[in-house]
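Data block below; observations after.
The values are calculated or read from the model by the stated rules, or taken from the named source; none is laboratory data. Keep in mind that what you see is a predicted model, and the values were worked out from it rather than measured. Neighbour counts run over all protein chains shown; Cβ positions are idealised from the backbone, glycine included.
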Amino acid sequence: MNPIVIIGSGLAGFNTVKEFRKLDKETPVVVLTADDGRNYSKPMLSTGFTKEKTADELAMATPEQVAEQFNVTVRTGVHVAGIDTDKQRVLLPDDHLDYSSLVLALGADTWTPPLEGDAVGEVFSVNDLMDYGRFRQALEGKREVTILGGGLIGCEFANDLSNGGFQVSLVEPMGRCLPMLLPEPASAAVGRGLEDLGVRFHFGPLAKAVHHGKDNPDKLVTELSDGTHLESDVVLAAIGLRPRIGIAKDAGLKTNRGILTDQSLRTSADNVYALGDCAEVQGHVLPYVLPLMASARALAKTLAGEPTPVSYGVMPVTIKTPACPVVVCPVPEELEGDWETEEEGNTVKALFRDRDGNLRGYALTGDAVKEKMKLNKELPALMP
Ligand code: FAD
């Protein structure tokens, strides 16, 4: 019997393994991964200095330990080149592997901005444990970091690197922190919290180029569209993520922003499923842990023979900026309504109500984060 093949050893891939093995101890499972296959929790990458953890300390298990614990095969450093859905076959660089069911847990690519300059190749992005290891190494003995992007990942790294003693400059063209997630007063509260830690913001301009310093080539100079030159030791891009859809698209699977699935995580090809950052489940692209955990539990049942749709309840996101704690329950896209905001210092309670007056999202900062549980009970499930 051909195995169940899972591509990806991130939280989506390994949680599917874990949930499946609770239901089925025997069916062969092979995990293929382009990275080193260590099991880790990605959200911990942006709290490494605060929690004083190196990349090695963040790894919870080696691929060998995962293989033994769950009775699966884990093949690391394998970059899947394509999929033949007619033959139910995964194409590897020098080989192929036939599957009974295929799970795409491919994650998302970091988006690199179109920068010029002779030091563009030295701009970091941190999207997995291996990236994090290289980033930590580059920071050794250094002091100044420029972060491009003030979204979730940029703000979390700004807080964490400040806690680690680094001088952080953050560039955000949309003019405020977390512009895609928070209404303005909540963004301002996060900005003040981070500023109090010493973060220097450059709101408005775009980063245009990254050069080596003229006098000191060890320094990097980030050139902004308003003419500012920011000198630092390390530059981190945290601009955004794009679901990895390439191999699915090439194989003829339906894709949009992510790999399209129905509520049972079935793609448009027979016996091929997708979950996690690469998936667009009934129109929802949710690159967070809670949705992928719910997906892994449902998919495990389906793979074990009991077809099960995933339900998304209320899906709040906690942003790890202890300088100004934030919890947000994002407003569904294109929903019309208004924010009602109460604020006192860095405590902001912003509630989004639709045209019928129903609560449909919130953003809480500072002490207001305590109200999360109460508000969650008022919100409708995202995908019942
Ligand atoms: P990934 O972990 O990216 O795994 C993808 C896997 O696919 C990898 O193993 C990769 O090697 C493999 N792969 C890809 N292409 C191929 C190929 N062609 N061949 C073989 N293997 C391939 N979410 C929250 O909910 N809360 C948080 O606090 C939070 N903090 C975060 C902090 C940071 C710094 C980051 C970057 C993200 C954070 N997130 C957070 C988001 C969350 O971590 C992700 O949604 C989640 O980890 C994605 O898991 P995944 O398994 O879908 O993808």
(message) Residues that are aromatic (F, W, Y) and surrounded by fewer than 18 Cβ atoms within 10 Å (Cβ to Cβ): does the range 184-203 have at least one?
(response) yes
(message) more than 13 Å from the ligand (Cβ to nearest atom) and surrounded by 20 or more Cβ atoms within 10 Å (Cβ to Cβ): which single residue out of V66, V72 fits that description?
(response) V72
(message) If I ask for residues that are near the ligand (Cβ under 9 Å from one of its atoms) and either over 19 Å from E57 (Cβ atoms) or basic (K, R) (or both), which ones from the range 17-45 would you list?
(response) V31, L32, T33, A34, K42
(message) Being closer than 11 Å to L265 by Cα, outside any helix (DSSP H, G or I) and touching a helix residue (DSSP H, G or I) at 6+ places or on another chain (Cβ under 7 Å) is the filter here; which residues of the range 287-310 pass it?
(response) T308, P309, V310
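Let's see how each residue does on (1) at pLDDT 95 or above; (2) of a type outside the set (A, V, I, L, M):
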{"site": "P43", "(1), (2)": "yes, yes"}
{"site": "E57", "(1), (2)": "yes, yes"}
{"site": "D95", "(1), (2)": "no, yes"}
{"site": "Y99", "(1), (2)": "yes, yes"}
{"site": "V126", "(1), (2)": "yes, no"}
(request) Scan the strands (runs of 3 or more DSSP E) fully inside the range 85-196 and keep the ones with 1 or more residues being within 21 Å of the chain's Cα centre (by Cα) and free of Cβ contacts under 8 Å to residues at least 60 places away in the same chain. (result) 167-172
(request) Quickly run through the range 239-286 and pick out the residues that are outside any loop (DSSP other than H, G, I, E, B), touching a residue at least 60 places away in the same chain (Cβ under 8 Å) and surrounded by fewer than 21 Cβ atoms within 10 Å (Cβ to Cβ). (result) L241, R242, I247, D250, H284
(request) Being farther than 17 Å from A238 by Cβ, away from the ligand (no atom under 16 Å from the Cβ) and among the hydroxyl-bearing types (S, T, Y) narrows it down to one of S187, S169, S101, so name that one. (result) S101
(message) I'm trying to understand the selection: among the residues of the range 5-16, which are within 20 Å of A81 (Cβ to Cβ) and more than 8 Å from the ligand (Cβ to nearest atom)?
(response) V5, I6
